[in-house]
Amino acid sequence: MTKIAFRAGLAAVATASMLLSGCGGSDSAEPKGGTATTAASQAPADNGVAALAAEEILTKAKDALTKAGSFHMAGAATTDGETMSLDFKVSGKDFAGKMSMGKDAEVEILSVGGKQYMKPSEGFWAMIAGAEQAKTMVKATGGKWVLVPAKDQISGLFAAADVNELLKPGGALSKGEATKVGEQPVITLKDASDADSQVFVATTGEPYPVRIGSSATGEGVTFSKFGEKFDADIKAPAADQVIDQASLGK
């Protein structure tokens, strides 16, 4: 179970070593009843991060993401022949989303108010407990949320809201080339522990991390919707829709 939980946590929080596909800027509407402004006048100003050292750029990216307070991240990557995908909405220390790890192994996860919940598919239960036990767990939970202890082996799933973990490199950083992710100008940061691992930080507007992952394969996770409200998506489930994991004999 430890190995599986680690792989699941890797998909959720070690994005700095595997993921991110670009995030484009929003379209600007032409003012009503007036003359359209030029693209140059609409373009965000250079934020100066490209001139900084690699570690300083990463610090700026962390600070920008923290200041935003909320963001959306989604994407996928293939590791050891298994495709893992995630789609999370994060607000402060709270978040809600879905993750899949290989065929039929899916889980909804929710962290709100200091409590952790998950709603696994039968395939997810089978992955961590075996096929026979999976059927028992599906019957026992009845489609309800499972309250997960803070120090459970699966708790790695719930580190997605930790900016320091999201942007934690595995080795020394070096500054790469200036390029674009979609229409967004970025500076590339390379991780010495993984030649295919890169972080792409916006060089105009706020220095958000807009991509983490491979430029060669295109696999990765997108950061977007910075500062948006996710109140409708991130909320505690009703008490009668929750089962304590301890009551399942785990």
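The values are calculated or read from the model by the stated rules, or taken from the named source; none is laboratory data. If you're wondering where the values come from, they're calculated on a predicted model, not measured in any experiment. FYI the Cβ positions are ideal-geometry reconstructions off the backbone, even for glycines, and counts take in every protein chain you see. Each accessible area value is taken on the protein alone, full model and side chains, heavy atoms only, with ligands, DNA and RNA left out. Shrake-Rupley method; radii C 1.70, N 1.55, O 1.52, S 1.80 Å.
See the values below:
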{"read-out": "Residues of segment 144-199 satisfying the condition of being at pLDDT 90 or above, farther than 28 Å from Glu108 by Cβ and in a loop (DSSP other than H, G, I, E, B)", "value": "Glu183"}
{"read-out": "Unmet requirement for Ser197, which otherwise passes all of (1) touching a Cys at 6+ places or on another chain (Cβ under 8 Å); (2) polar (S, T, N, Q); (3) crowded, with 22+ Cβ neighbours inside 10 Å", "value": "(1)"}
{"read-out": "Failed item, numbered, when Leu157 is tested on (1) within 19 Å of Lys89 (Cβ to Cβ); (2) in contact (Cβ under 8 Å) with a residue 40 or more places away in the chain; (3) surrounded by fewer than 21 Cβ atoms within 10 Å (Cβ to Cβ); (4) of a type outside the set (Phe, Trp, Tyr)", "value": "(3)"}
{"read-out": "Segment 48-58: number of residues that are part of a loop (DSSP other than H, G, I, E, B) and touching a helix residue (DSSP H, G or I) at 6+ places or on another chain (Cβ under 8 Å)", "value": "1"}
{"read-out": "Filtered residues of segment 117-126 (kept if part of a helix (DSSP H, G or I) and surrounded by 20 or more Cβ atoms within 10 Å (Cβ to Cβ))", "value": "Phe124, Trp125"}
{"read-out": "Count - residues of segment 59-106 that are at pLDDT 90 or above, among the hydrophobic types (A, V, I, L, M, F, W, C), assigned to a strand (DSSP E or B) and open to solvent by less than 10 Å² (accessible area, probe 1.4 Å)", "value": "5"}
{"read-out": "Pair list, Cβ under 8 Å, 6 or more apart: segment 178-190 residue more than 12 Å from Ile212 (Cα to Cα), other residue open to solvent by 60 Å² or more (accessible area, probe 1.4 Å) and outside any loop (DSSP other than H, G, I, E, B)", "value": "Pro185/Ala178"}
{"read-out": "Residue match in segment 205-212 (condition: at pLDDT 90 or above, crowded, with 19+ Cβ neighbours inside 10 Å, of a type in the set (Val, Ile, Thr) and assigned to a loop (DSSP other than H, G, I, E, B))", "value": "no"}
{"read-out": "Any hit, segment 127-135, residues being crowded, with 21+ Cβ neighbours inside 10 Å, under 23 Å from Ala74 (Cα atoms), in contact (Cβ under 8 Å) with a residue 12 or more places away in the chain and under 21 Å from the mean Cα position of the chain (by Cα)", "value": "no"}
{"read-out": "Number of the exception - Val163 against (1) in contact with a strand residue (DSSP E or B) (Cβ under 8 Å, 6 or more places away or on another chain); (2) closer than 24 Å to Ala77 by Cα; (3) among the β-branched types (Val, Ile, Thr); (4) open to solvent by less than 30 Å² (accessible area, probe 1.4 Å)", "value": "(1)"}
{"read-out": "Matching residues, segment 107-116, being in contact (Cβ under 8 Å) with a residue 40 or more places away in the chain and either charged (D, E, K, R) or loosely packed, with under 15 Cβ neighbours inside 10 Å (or both)", "value": "Gly113, Lys115"}
{"read-out": "Residue that is least open to solvent (accessible area, probe 1.4 Å), among those in segment 221-250 that are small (Gly, Ala, Ser) and not in a helix (DSSP H, G or I)", "value": "Ser224"}
